[in-house]
Amino acid sequence: MFLYREDAAAGAWAISQASHSWLAWQLACHWGNRQFTRPAPRAEVVAAVLLHDGGWTEYDAAPGIDSDGRPVTFDRMAVATHLQIWRSCVSRVAIHSRYGALLVAAHFAELAGRKMIDLLSSGDNSGARSTQAFQAEMERLQDGWMEDLKADARYETALEGLGRRVNAGILAACDLVSVMLCASMPFPFPVRAINREGDLEAMSITTVSDRVFKMSPWPFEGTRIKVHCEGRHLRSVQFSSVRAFREALMRAKVERVAFVFQSGCAQRIS
């Protein structure tokens, strides 16, 4: 889960991976205009965004705490557990759509590559080897689904080349923006996606006011969108036991957390 706006006095909002994915899906549903290509095939791409973290459901239903009594968030968990959850995410998407699963497998393979570099830099060679094996596993799954789907005209322009890059970029960008929001990570922050010319373009996101942001160049329909997720308001983020944490989650009030994006005129970044 994510901890949104952690504060010693006010506590924090615990946002599940499922709700984070729902927020990312809302972004994907608005994606596309004269500068940025819309997802195609649309149903599979937006489904991949919505379902890409489905493997976290059981973990978020019974979360743990670390040695300091704090909730274990996705970025501070055991490598083996994290990789197994990613595997589950991919297999669950595949139940709905092989093409959607292909996008999600590629997404996690890329994230695994970054994770492996971090593990090596921290001296965790065992974790790095496991992550490298996971990355190879995801690549094999992609190859199999590509072989299965290449005879289907629906995916003719989406398995390779620009079509594939556009769809992968939409998933990555919507996921990243949602992560940044749900984890209260600071803006400005560059988000990259493929534009209609086929170039990887960086979009700058800047803070206007509380939960209101400007983005430029603008990748969505219209000039303004509003998206939201739901979180449980925890009065504290430190607990004496796992049981105390889970009981606090059960009692916590569920609140809707909304964000607004506006088309901005910020300078492009490389």
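Hey, can you tell me all the residues within region 238-265 that are among the hydroxyl-bearing types (Ser, Thr, Tyr) and farther than 24 Å from Leu181 by Cβ?
Of everything in region 238-265, those that are among the hydroxyl-bearing types (Ser, Thr, Tyr) and farther than 24 Å from Leu181 by Cβ turn out to be Ser240, Ser241.
Name the one entry in Ser19, Ser88 that is modelled with pLDDT of 95 or more, in contact with a strand residue (DSSP E or B) (Cβ under 7 Å, 6 or more places away or on another chain) and among the polar types (S, T, N, Q). Show your work before the answer.
Details: Ser88 fails: in contact with a strand residue (DSSP E or B) (Cβ under 7 Å, 6 or more places away or on another chain).
Result: Ser19 is the single residue among Ser19, Ser88 that is modelled with pLDDT of 95 or more, in contact with a strand residue (DSSP E or B) (Cβ under 7 Å, 6 or more places away or on another chain) and among the polar types (S, T, N, Q).
Of a type in the set (A, V, I, L, M, F, W, C), over 25 Å from Gln132 (Cα atoms) and crowded, with 20+ Cβ neighbours inside 10 Å: is that true of Leu50 in this structure?
Yes; evaluated as a whole, the condition is true for this residue.
Six or more apart or on different chains, Cβ atoms under 8 Å: show the pairs whose first residue is in region 86-103 and in a helix (DSSP H, G or I) and whose second is among the polar types (S, T, N, Q).
Qualifying pairs under 8 Å: Ala101/Ser91; Leu102/Gln142; Leu103/Asn167.
Quick grid of which residues meet (1) within 21 Å of Leu162 (Cα to Cα); (2) among the charged types (D, E, K, R); (3) modelled with pLDDT of 95 or more:
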| residue | (1), (2), (3) |
| --- | --- |
| Glu6 | no, yes, no |
| Ile15 | no, no, no |
| Ala43 | yes, no, yes |
| Ala47 | yes, no, yes |
| Arg76 | no, yes, no |
| Ala80 | no, no, no |
| Arg92 | no, yes, yes |
| His96 | no, no, yes |
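Checking Glu58 against (1) assigned to a helix (DSSP H, G or I); (2) crowded, with 17+ Cβ neighbours inside 10 Å; (3) at pLDDT below 95, which single condition isn't satisfied?
Evaluating Glu58 over (1) assigned to a helix (DSSP H, G or I); (2) crowded, with 17+ Cβ neighbours inside 10 Å; (3) at pLDDT below 95 leaves (2) as the failure.
Looking at Ser204, Ser184, Ser130, can you tell me which residue is polar (S, T, N, Q), surrounded by 13 or more Cβ atoms within 10 Å (Cβ to Cβ) and modelled with pLDDT of 95 or more? Please lay out each step first, then the result.
On the way: Ser204 fails: modelled with pLDDT of 95 or more; Ser184 fails: modelled with pLDDT of 95 or more.
Answer to the selection: Ser130.
Out of the residues in region 104-148 that are touching a residue at least 12 places away in the same chain (Cβ under 8 Å) and of a type in the set (Val, Ile, Thr), state the one that is farthest from Glu44 (Cα to Cα).
If we take residues in region 104-148 being touching a residue at least 12 places away in the same chain (Cβ under 8 Å) and of a type in the set (Val, Ile, Thr), then Thr131 is farthest from Glu44 (Cα to Cα).
How many residues, within region 156-213, are in a strand (DSSP E or B) and either of a type outside the set (Ser, Thr, Tyr) or closer than 21 Å to Trp145 by Cβ (or both)?
Within region 156-213, the subset in a strand (DSSP E or B) is 189-194, 200-209, 212-213.
Next cut, either of a type outside the set (Ser, Thr, Tyr) or closer than 21 Å to Trp145 by Cβ (or both) only: 189-194, 200-203, 205, 208, 212-213.
Final tally of qualifying residues: 14.
The values are calculated or read from the model by the stated rules, or taken from the named source; none is laboratory data. Note that the coordinates shown come from a computational prediction; the quantities given were computed from them, not determined experimentally. Backbone-built Cβ (ideal geometry, glycine too); neighbour counts: all protein chains shown.
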